[in-house]
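Following: one structure in structure tokens, then a few remarks.
The values are calculated or read from the model by the stated rules, or taken from the named source; none is laboratory data. Source: prediction; values computed, not measured. In this analysis, Cβ positions are derived from the backbone assuming ideal geometry, glycine residues included, and neighbour counts consider all displayed protein chains. Each accessible area value is taken on the protein alone, full model and side chains, heavy atoms only, with ligands, DNA and RNA left out. Shrake-Rupley method; radii C 1.70, N 1.55, O 1.52, S 1.80 Å.
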Amino acid sequence: MSRSPSRRVEGEASPRVFWTGVLLGVAVMAWGVYGLLSQAGTGPLGIRLVRWLGWVLGGLVVHDAVFVPLVLLVGRGLRRVRPVALRTPVQVGLGLSVVMTLIAWPLLRGYGRTAQQGNASILPGDYVPAWLGVLAVIWAGAAVLALAGARRQRRAAVSRTAPRG
Amino acid sequence: MVRTAGRLIAGGARLLATPPRFPPFRAGSFRSRLHHEAPAAWLGVALGVTFTVCFATGLLSHLIQQPGSWFVWTPRPAGLYRVTQGLHVVTGLASIPLLLAKLFVVYPHLWAWPPVRGVASAVERLAIVPLVAGSLFLLLSGLQNVTYWYPWGFFFPPAHYWAAWITIGGLVVHVAAKVHIVRRVAAAREPRPEPPPVPAAGPEGGLSRRGILAAAGAATGLVVLTTAGTTVGPLERLALLSPRRPSVGPQGFPVNKTAAGARVLETAVDPGYLLRVTGRVDEELSLSLDDLRALPQRSAVLPIACVEGWSASPRWSGLSLPDLLRLAGAPAGVAVHVESLQPSGLYRATTLNPAFAADPDTLLALDVGGEPLHLDHGFPVRLIAPNNPGVLQTKWVATVTVL
């Protein structure tokens, strides 16, 4: 992306790159804020700024103060999973299940079905079985991962105990 | 007074020098090895790609719908908008697992002590607020919008659009502050002789740093696989978690606004229906449905590509707009305003620039797939132009005005 003009020690931040980025980034943000304010309003085409801020900052707070702490808490609980070889598959299975459930949530709840009465082409799927099917695929993958891990561990154990010739 | 202030500053400095003794500030509060710059850097690179594509395609879609004097959209290639808007939605959805993984990996930085280490660090950290809050908002509101879930109480397009500018501004600052870490991580990467089939388990077991990248990649792949079929035909059967199926709807493709929703149930089927051609013409035309069918017809396979990402490509037929303009004696190189019977609504009319108005495949369609248009697809006459966003393909056309 940005190229530092002088030869620098690998991995060191360049003040010139940083402050150029700050200047450019702040200008872009200012344009965004200007646009936001120019369309702030309560009419049908307006951005209701208070509600907009509520969603933007609310999302940040929910993510940082609720979602991640919950993930960390569950992650801590997973350290108790025995045998150890099951931890990775369980972590992956849970992580993917959470992501796919988030994506499927509006479909599972069917909010869009009330958007336009009589439009059967909106949310036409049978989303509960679809979502369960996706979860089944995820956990089948996790099971394969667990089996592969167990096999690798057995082999490692054999090669440790076998006399080397 | 001065002494009190001095003492306060000294006390503040002492407070900042040592982190609070409780989590999440206490050193060692976050012990997972996943909180590391290497996965943060790679996830950052991946998000850099998806966000750039998503922003560029979103900006393009905005410009097509609200062109300024300097932006002129073209009818060719006919399927370009279908691709760019499909990419917009797919890269947005694909960013969801990447962003969640990235924010998890870097989460301890939120509680770094001292909170700032100088002016540059303060600027960099402040820019994180619009970046993270904006990213979460864009991905969530985008997901809500494509699933027709409107809980916000504000108008989506400008709220999403301007949030994108603010977020991208934050991203520019962030990239400038962190690009050296990506260089460092990329340089430190050793060539791997043989990657293990399973992410290597360390002493505490569980995901490795490469493992979380593989997991984020798998999640992204799964999201794309189960949603991209809304516009990528061969993947339709896999589009399990897509709010639209390109082959589901009247006459085999989806409907965005129904005739009932547009309040044209009576006017559209009125036997006295006339299509009016007016404006800068030698002769104003008023054509009945029979008149329209008696004129030479043209047919073309053209995509109907919605801003929400879905698309379908049926065969349309009807009147070629340039033919109709010639019939009315309109001058060459004109722009055209097309209005619907729909009495009100943001998308009841569209303006075609001269390139669109002159394209022979810009149709006032009467038929789709060999049968008259379904009422929900715009019976009796709808506009279908190549490379035109679905929302501008005016249905239930009443008037064509030459500008």
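Observations on the structure shown:
- If R0 is 56 Å, the Cβ-Cβ spacing of B:R263 and A:V66 corresponds to a FRET efficiency of close to 0.85.
- The fraction of accessible area contributed by carbon and sulfur in the protein assembly as shown is 65 percent, rounded to a whole number (1.4 Å probe; ligands and nucleic acids excluded).
- Looking at the range A:17-82, the accessible area is 61 square angstrom per residue; that uses a 1.4 Å probe and ignores ligands, DNA and RNA.
- Placed amide H near A:A40: partners under 5 Å, 5+ positions off or other chain: A:I47
- Pairwise label distance in nanometres, B:F25 with B:R293, each label 7 Å out on the Cα-Cβ vector: 8.0
- Charge-dipole axis of the range A:81-165 as Lys and Arg at +1 and Asp and Glu at -1 on Cβ define it, positive-most pick from A:A157, A:G93, A:Y111: A:A157
- Length gained when the stretch B:R76-B:R117 is fully extended (0.36 nm per residue, less Cα-Cα span): 9.5 nm
- Mean residue ellipticity, 222 nm, helices only, chain A: the sum of -39500 (n - 2.57) across DSSP H runs of n ≥ 4, divided by residue count and rounded to 500, is -22500 deg cm²/dmol.
- Modelled spin labels at A:R113 and B:Q65, positioned 7 Å past Cα toward Cβ, are 2.7 nm from each other.
- Solution diffusion estimate, µm²/s, Stokes-Einstein, the protein assembly as shown, Kirkwood Rh from C-alpha pairs, 10 °C, viscosity 1.306 mPa s: 59
- Shape call, chain A: gyration tensor on alpha carbons, a/c limit 1.5: oblate
- Within the full protein context, the accessible area of B:S61 is estimated at about 10 Å² for a probe radius of 1.4 Å.
- On full extension, the segment bounded by A:T20 and A:R160 gains 44.9 nm, given 0.36 nm per residue less the C-alpha separation.
- Put simply, when B:86-93, A:62-69 are sorted by average Cβ atoms within 10 angstrom per residue, most first, you get B:86-93, A:62-69.
- Whole-percent P(r), chain B, all Cα pairs, 20 Å bins from 0: 23, 43, 23, 10, 1.
- Range in chain B, longest, excluding exposed GluC sites (Glu not before Pro) [loop by DSSP; at most 12 other beta-carbon atoms within 10 Å]: B:1-203
- Buried accessible surface for the A/B chain pair comes to about 6800 Å², total over both chains, computed with a 1.4 Å probe.
- Counting only other chain Cβ atoms within 10 Å of each residue's Cβ, the peptide A:123-131 averages 4.
- The overall shape of the range A:81-165, judged from the alpha-carbon gyration tensor, is prolate: a/c is not under 1.5, and a/b is greater than b/c.
- For the range B:1-115, a/c is not less than 1.5, where a ≥ b ≥ c are the root eigenvalues of the C-alpha gyration tensor, and a/b does not top b/c. That puts it in the oblate class.
- In chain B, the DSSP-assigned H stretches of four residues or longer account for a calculated mean residue ellipticity at 222 nm of -14500 deg cm²/dmol, using -39500 (n - 2.57) per stretch and the full residue count as denominator.
- Reachable aspartates and glutamates from B:K102, criterion Cα separation under 20 angstrom, eight or more residues apart if same chain: A:D64, B:E37, B:E124
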